[in-house]
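*Asks:* Dropping a structure here in structure tokens format, bear with me for questions.
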Amino acid sequence: MSSKVPKESWNSRLGIILAVAGSAVGLGNFLRFPGQAAQYGGGAFMVAYFIALVLIGLPICWAEWAIGRKGGQAGLNSSPGILGVVTGQKRFRYLGIIGVVIPVVIYMYYVYIEAWCLGYAVNFAKGSMNFETVKEAGDFWGGFIGIGEDGSALGFGWTEVGGFLLVVFLFNFYLIYRGLSKGIELFCKYAMPTLIVLAIIILIRVLTLGAPVEAHPENNVQNGLGFMWNPTKTILYERVANEGTGGETWQPLPDGEVVGPRMIAAAQARADADPNLELREIGMLKQLLNPQLWLAAAGQIFFSLSVGFGVIITYSSYLKKNDDVVLSGLAATSTNEFCEVGLGGLTTLPAGYAFLGISGVAGMGTFGLGFNVLPMVFSEMPGGQFFGFAFFFLLFLAAVTSSLSMLQPGIAFLEEAMNINRKQSVAILGFVTAAGCAFVVYFSAGVKALDTIDFWVTNLLMVVLATIQIIIFGWVIGIERGFEIAHRGAAIKIPGFFKFVMKYVSPAFLIIVFGAWFYTSVLGFQFGSDEKKYSSYIVDLFIEPNRSAWLSVGVIALTAAFLTLLTAGGVFKGKTINEEVSK
């Protein structure tokens, strides 16, 4: 093995801010966030979302920035190395392995989705994305990614994902091979401003759509914004006979939510004429009593800020001793929130609503909204070829800034654990992630492999890692010492009340969120109901075993085992914590 390469660093504060913001700004900002906000009440969801931002988002973000920079001063850049050195206990390296497993495994499927975005941008530019119905758009998407049959996603034509995946995969590794300043930082300095400009152009176009379908004037942008953001929801319910008990229950109609005076008046007229219908207003307080809303809001914060991801702790380790982490962390977070709430929240769903109404967008998940609904919307929109290309190219840029951040933790870990140079670490990580990506792409039927890996990594491992990091910051390092570390070179101070939040509230919040997720998604219990309803992920593993699901969990386990073996025999050359503290 060759000697260890010289320590890398960022060229500028702007570079690290854009890189960290880029790691957070991704598909979740423009696709997942709008769907989550609409599904869980819009205005009510945003209350829970901003509470989660204050109680877990910012605290974990600042803790990761501070811990990462501290570990970097000891000469270490990987999550295992950093957690071992800042705690002074090598056993904490094994907890840090989670901070490498998460980004590496997510990259295996994220780069696949990234290829969808590039493929869609190219096909819009070619003018081959003219759809008249959502079904046509969905059929194209299914054929493009091979959703119908395992192994069918390996084609290399313009309407197949294989060629785009190869280009995207190699592009990511070319940039990561160039290093922090010449690869990640340089790309993010151009990509982040470009994607923001594209997002603003698309936003302006969406907000000027008015009511594009003459036959349905109620389907307009204003009502689309109301559907997403109104704090009080007006929903039409239907009386339904309960065959099991012989009684009756009221259930919301699939497209029962109504927005705007005209639609509300029409719905009230229907309810007045039919005793089996009833129009109800659901206030914000009642919506906030729904535990699922809080779970969704907390989950979105993790997706949104890339906290508990293993990225920020690695990125911040390349900072200098007195580089500001408080203001930089706040700036990166603010950039992400602007892209998510100010751009993604005002663009994606209102555009779909304006053309298709509630029935066309309600209940659509991330993929359904992004790759089934929006392509049809752009094909109907004046200038849609350009705006379709611009939107999916925007998604591609956002995806690349995120996927690059997923590779650096693995690179740093391999270089430290094996004492190798960048060329060697890139080759090893390239092989590991290529094998994992090939698995995900081969088992493309129903996107089962992708969906299974995403569920267990993002819902289980990310929460566990975030909890470990905030406990280390507040209890192992100590909250007073942690704030002292964070404030070194800081232009602003973290408000004092965050000491209590970061030591007590954030860990408790995370444990409650994890417990509620385990109660509902794993054990199958439902809040407010005695009925057990297991998630499809539990069904796939234990009730109706599915081969793809079991193999997907196996990929996560094998990756973790490989990294654990490297950690056990790792070099991790750096100063001891006492040597670093003495300086």
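The values are calculated or read from the model by the stated rules, or taken from the named source; none is laboratory data. The model shown is predicted, which means the values in this text are computed figures rather than measured ones. Don't worry about glycine lacking a Cβ; one is built from the backbone with ideal geometry, like all the others, and counts go over all protein chains shown. To get the accessible areas, we keep the full protein, side chains included, count just its heavy atoms, and leave off ligands, DNA and RNA. Shrake-Rupley method; radii C 1.70, N 1.55, O 1.52, S 1.80 Å.
*Asks:* Looking at segment 263-282, can you tell me whether even one residue there is under 29 Å from the mean Cα position of the chain (by Cα) and either farther than 28 Å from SER521 by Cα or outside any helix (DSSP H, G or I) (or both)?
*Replies:* So far as segment 263-282 goes, yes, one or more of its residues are under 29 Å from the mean Cα position of the chain (by Cα) and either farther than 28 Å from SER521 by Cα or outside any helix (DSSP H, G or I) (or both).
Quick grid of which residues meet (1) more than 13 Å from LEU53 (Cα to Cα); (2) open to solvent by 10 Å² or more (accessible area, probe 1.4 Å); (3) within 14 Å of the chain's Cα centre (by Cα):
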{"residue": "PRO291", "(1), (2), (3)": "yes, yes, no"}
{"residue": "ALA297", "(1), (2), (3)": "no, no, yes"}
{"residue": "THR314", "(1), (2), (3)": "yes, no, no"}
{"residue": "LEU330", "(1), (2), (3)": "no, yes, no"}
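*Asks:* On to the next question. Going by the conditions given, is GLU281 of a type in the set (D, E, K, R) and surrounded by 24 or more Cβ atoms within 10 Å (Cβ to Cβ)?
*Replies:* It is false that GLU281 is of a type in the set (D, E, K, R) and surrounded by 24 or more Cβ atoms within 10 Å (Cβ to Cβ).
*Asks:* So which residues in segment 134-161 are in contact (Cβ under 8 Å) with a residue 12 or more places away in the chain, assigned to a helix (DSSP H, G or I) and more than 23 Å from the chain's Cα centre (by Cα), if there are any at all?
*Replies:* Of everything in segment 134-161, those that are in contact (Cβ under 8 Å) with a residue 12 or more places away in the chain, assigned to a helix (DSSP H, G or I) and more than 23 Å from the chain's Cα centre (by Cα) turn out to be VAL134, GLU136, ALA137, PHE140, GLY143.
*Asks:* Does PHE131 fit the bill of being over 21 Å from the mean Cα position of the chain (by Cα), not in a loop (DSSP other than H, G, I, E, B) and not small (Gly, Ala, Ser)?
*Replies:* Taking the combined requirement at face value, the residue does not satisfy it.
*Asks:* Need pairs with beta-carbon distance below 7 Å; first residue among the charged types (D, E, K, R) and within segment 298-327, second open to solvent by less than 10 Å² (accessible area, probe 1.4 Å); sequence gap 6+ or separate chains.
*Replies:* From segment 298-327, the pairs are ASP323/ARG69.
*Asks:* Here's a follow-up. Given the criterion of a type in the set (Asp, Glu), at negative phi and at pLDDT 95 or above, identify the matching residue among GLU484, GLU580. Steps first, please.
*Replies:* Details: GLU580 fails: at pLDDT 95 or above.
After ruling out the rest, the residue left standing is GLU484.
*Asks:* Which of the residues that make up segment 346-386 are in contact with a Phe, Trp or Tyr (Cβ under 6 Å, 6 or more places away or on another chain) and among the small types (Gly, Ala, Ser)?
*Replies:* Within segment 346-386, SER379, GLY384 meet the criteria.
*Asks:* Determine which single condition PRO212 fails, assuming it passes every other condition in (1) exposed (fewer than 15 other Cβ atoms within 10 Å of the Cβ); (2) touching a residue at least 24 places away in the same chain (Cβ under 8 Å).
*Replies:* It is condition (1) that PRO212 fails.
*Asks:* While we're looking at this one, here's another question. Of the residues in segment 397-421, how many are open to solvent by 20 Å² or more (accessible area, probe 1.4 Å) and either touching a Leu at 6+ places or on another chain (Cβ under 7 Å) or at pLDDT 95 or above (or both)?
*Replies:* 1
*Asks:* Can you pull out the residues in segment 359-375 that are open to solvent by 10 Å² or more (accessible area, probe 1.4 Å) and not small (Gly, Ala, Ser)?
*Replies:* MET364, THR366, PHE367, ASN372
*Asks:* Also, quick follow-up: Examine segment 346-356 for a residue that is open to solvent by 10 Å² or more (accessible area, probe 1.4 Å), under 20 Å from GLU132 (Cα atoms), in contact (Cβ under 8 Å) with a residue 12 or more places away in the chain and more than 18 Å from the chain's Cα centre (by Cα), and state whether such a residue exists.
*Replies:* Yes, there is a match, as at least one residue in segment 346-356 is open to solvent by 10 Å² or more (accessible area, probe 1.4 Å), under 20 Å from GLU132 (Cα atoms), in contact (Cβ under 8 Å) with a residue 12 or more places away in the chain and more than 18 Å from the chain's Cα centre (by Cα).
*Asks:* Here is a check on your reading of the model: is ASN77 of a type outside the set (Phe, Trp, Tyr), open to solvent by less than 40 Å² (accessible area, probe 1.4 Å) and in a loop (DSSP other than H, G, I, E, B)? Walk me through how you get there before you give the answer.
*Replies:* Details: of a type outside the set (Phe, Trp, Tyr): yes; open to solvent by less than 40 Å² (accessible area, probe 1.4 Å): yes; in a loop (DSSP other than H, G, I, E, B): yes.
So ASN77 passes the test.
*Asks:* Going by what's in this entry, would PRO409 be described as farther than 30 Å from LEU236 by Cα, touching a residue at least 60 places away in the same chain (Cβ under 8 Å) and either part of a loop (DSSP other than H, G, I, E, B) or in contact with a helix residue (DSSP H, G or I) (Cβ under 6 Å, 6 or more places away or on another chain) (or both)?
*Replies:* Here the answer is yes, as PRO409 does meet what is asked.
*Asks:* Okay, moving on. Kindly indicate which of TYR177, TYR107 is touching a helix residue (DSSP H, G or I) at 6+ places or on another chain (Cβ under 6 Å), open to solvent by 10 Å² or more (accessible area, probe 1.4 Å) and closer than 30 Å to ARG13 by Cβ.
*Replies:* Just one listed residue meets the conditions, TYR177.
*Asks:* Within segment 208-223, is even one residue among the β-branched types (Val, Ile, Thr), assigned to a helix (DSSP H, G or I) and in contact with a Leu (Cβ under 7 Å, 6 or more places away or on another chain)? So that I can check it myself, show each step before the final result.
*Replies:* Taking segment 208-223 and keeping what is among the β-branched types (Val, Ile, Thr), we get 208, 213, 221.
Okay, now just the ones that are also assigned to a helix (DSSP H, G or I), so 221.
Add one more test, that the residue is in contact with a Leu (Cβ under 7 Å, 6 or more places away or on another chain), and what stays is 221.
Yes, segment 208-223 contains a residue that is among the β-branched types (Val, Ile, Thr), assigned to a helix (DSSP H, G or I) and in contact with a Leu (Cβ under 7 Å, 6 or more places away or on another chain).
*Asks:* May I ask you to list the residues in segment 412-431 that are part of a helix (DSSP H, G or I) and more than 13 Å from VAL100 (Cα to Cα)?
*Replies:* The answer is MET418, ARG422, LYS423, GLN424, SER425, VAL426, ALA427, ILE428, GLY430, PHE431.
*Asks:* Out of the residues in segment 110-127 meeting the condition of being open to solvent by less than 10 Å² (accessible area, probe 1.4 Å) and either more than 16 Å from the chain's Cα centre (by Cα) or polar (S, T, N, Q) (or both), tell me which one is nearest to PHE393 (Cα to Cα).
*Replies:* Residue satisfying both the conditions and the ranking: ALA121.
*Asks:* Among the residues of segment 29-44, which ones are open to solvent by less than 10 Å² (accessible area, probe 1.4 Å) and under 17 Å from the mean Cα position of the chain (by Cα)?
*Replies:* Residues satisfying the conditions are ASN29, PHE30, LEU31, PHE33, PRO34, ALA37.
*Asks:* Can you name every residue in segment 180-197 that is over 30 Å from ILE428 (Cα atoms) and either open to solvent by 30 Å² or more (accessible area, probe 1.4 Å) or β-branched (Val, Ile, Thr) (or both)?
*Replies:* The answer is PRO193, THR194, ILE196, VAL197.
*Asks:* Consider segment 443-499. How many of its residues are more than 29 Å from GLY368 (Cα to Cα), open to solvent by less than 50 Å² (accessible area, probe 1.4 Å) and in a loop (DSSP other than H, G, I, E, B)?
*Replies:* The total comes to 5.
*Asks:* Could you tell me whether any residue of segment 69-90 is under 25 Å from the mean Cα position of the chain (by Cα), at pLDDT 95 or above, under 26 Å from LEU175 (Cβ atoms) and among the β-branched types (Val, Ile, Thr)?
*Replies:* Yes, the conditions are met somewhere in segment 69-90.
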